[in-house]
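Peer 1: Encoded as structure tokens, here's the structure I'll be asking about.
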Amino acid sequence: KFYYCEGPLAHNITTRQQCEAMSNHRWQNQQYNFDNLGQALLTLFVLALKDGWIQIMYNGIDAVDVEMQPIKNYSEAKSIYFISFILINSKKELEIKQNMQKKLERKQRLMHELPYYAHFSPWRKHLHDLCISKYFVLIIAVIIGFNVITMSLEFYPTPFDLDKLLEYCNYVFTFVFLLEFIWKIVALGSSRYFKDKILKLLKMAKGIQALLDTVMQALPQVGNLGLLFFLFFFIFTILGVELFGKSECSEEQPCSGLNKHAHFKNSGIALLTLFRIATGDNWNGIMKDTLRQDDSPRADDAEMDEEIERQLESDVHDENYVGQLLLDVNALDVKEKVKFTKL
């Protein structure tokens, strides 16, 4: 919409077609416009710098429509857009300048303030400089590394000479760490030393607290998932007791997975056995024991056979039963003879 007609009679032209139809007239665009995203960003950047922003605002106010000649003060309400942008940008710019000024004042104040070790005596200041130097920190780190190595050399049974050597090394390391503690207390002061340690502990505690908060927020979902797994294990525990509760081991058929700690004879041990299977501990052996076929007669089968034998013996001693049995046999024989005669 920022296009306009340039020529001697441009004030009499209203459209692009009229401009292009007349000689010595040209239809052209303003240098700063909003025709696309790139041009819009460039125009807003110029507005933010307040360099020629008034002319850009007037171009926006005069704009009529696409391929229409601008009219002076056509829509003065459009000025609200440009003025609002200038005010918001000025406010942000003022805040940035204020923050920079505060930082500069803080730096200047720190430069004029005396450091906490300014009143130290020369020998204490020398200890302080050594204590905060990177070489001192590096030496302490190396000593800690050697202490870790000596602690890892212990084994059982430890030879007497090595045991004594490690004991003396521990004495040396303890003396060095105690000397470091006293050195820092003297160089930094007890209040500053413990304050620094407490601040580090509090920073660590904040991280742990954030971790615990995350865990507490996830507990409801974990509880639902745990309840689902418990129901799943409970169902398979009951199935395991029903299907494999009578599985036995013997010298002729030893078990490779089932034992007194893993079986399906009761629901408690069966639940623990399923948990063991879920962790992948000898699940293959347990599966083999539950899939095998036991050829040895079971106790309930033997009882059933004895009951059948007792029933047969009682029926044989019954005279009515024997007579009825003979009559049935004779009737069957007669029927067979009749069929043979018909054939």
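Peer 1: What is the number of the single condition among (1) surrounded by 14 or more Cβ atoms within 10 Å (Cβ to Cβ); (2) more than 30 Å from ILE132 (Cα to Cα) that LEU188 does not meet?
Peer 2: So the condition that LEU188 fails would be (2).
Here's the yes/no breakdown for (1) assigned by TED's automatic domain parsing to the domain that holds PHE181; (2) touching a strand residue (DSSP E or B) at 6+ places or on another chain (Cβ under 8 Å); (3) of a type in the set (D, E, K, R); (4) closer than 19 Å to PHE181 by Cβ:
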residue: PRO115; (1), (2), (3), (4): no, no, no, no
residue: HIS128; (1), (2), (3), (4): yes, no, no, yes
residue: SER133; (1), (2), (3), (4): yes, no, no, yes
residue: VAL137; (1), (2), (3), (4): yes, no, no, yes
residue: PHE146; (1), (2), (3), (4): yes, no, no, yes
residue: THR150; (1), (2), (3), (4): yes, no, no, no
residue: TYR156; (1), (2), (3), (4): yes, no, no, no
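Peer 1: Out of all the residues in region 23-41, which are out of contact with any Gly (no Cβ under 7 Å at 6 or more places or on another chain), loosely packed, with under 15 Cβ neighbours inside 10 Å and not in a loop (DSSP other than H, G, I, E, B)?
Peer 2: Scanning region 23-41 gives GLN28, LEU37, GLY38, ALA40, LEU41.
Peer 1: Something else about it: Name the pairs whose Cβ atoms lie under 9 Å apart, with the first residue in region 76-90 and touching a residue at least 60 places away in the same chain (Cβ under 8 Å), the second part of a helix (DSSP H, G or I), and 6 or more positions between them or separate chains?
Peer 2: Correct list of pairs: empty, since none qualify.
Peer 1: From (1) loosely packed, with under 12 Cβ neighbours inside 10 Å; (2) at pLDDT 85 or above, pick out the condition that doesn't hold for ASP51.
Peer 2: (2)
Peer 1: Now for a separate question. Would you mind stating whether ALA210 is part of a helix (DSSP H, G or I), modelled with pLDDT under 90, small (Gly, Ala, Ser) and under 25 Å from ILE132 (Cα atoms)?
Peer 2: For ALA210, the condition - part of a helix (DSSP H, G or I), modelled with pLDDT under 90, small (Gly, Ala, Ser) and under 25 Å from ILE132 (Cα atoms) - is not met.
Peer 1: Please go through region 147-194 and give me each residue that is within 27 Å of LEU127 (Cβ to Cβ) and not hydrophobic (A, V, I, L, M, F, W, C), ordered by number.
Peer 2: Within region 147-194, ASN147, ASN170, TYR171, THR174, GLU180, LYS184, GLY189, SER190, SER191, ARG192, TYR193 meet the criteria.
Peer 1: Would you say GLN69 is in contact (Cβ under 8 Å) with a residue 24 or more places away in the chain, of a type in the set (S, T, N, Q) and outside the structural domain of VAL172 (by TED's automatic domain parsing)?
Peer 2: yes
Peer 1: Can you tell me how many residues in region 236-256 are among the small types (Gly, Ala, Ser) and modelled with pLDDT under 85?
Peer 2: Here the count works out to 3.
Peer 1: Of all the residues that make up region 15-61, how many are under 27 Å from ILE86 (Cα atoms) and without any contact (Cβ under 8 Å) to a residue 24 or more places away in the chain?
Peer 2: Final tally of qualifying residues: 18.
The values are calculated or read from the model by the stated rules, or taken from the named source; none is laboratory data. The shown structure was predicted, so the numbers you read here are calculated from the model rather than taken from an experiment. Here the Cβ is made from the backbone with ideal geometry for all residues, glycine too, and neighbour counts use every protein chain on show.
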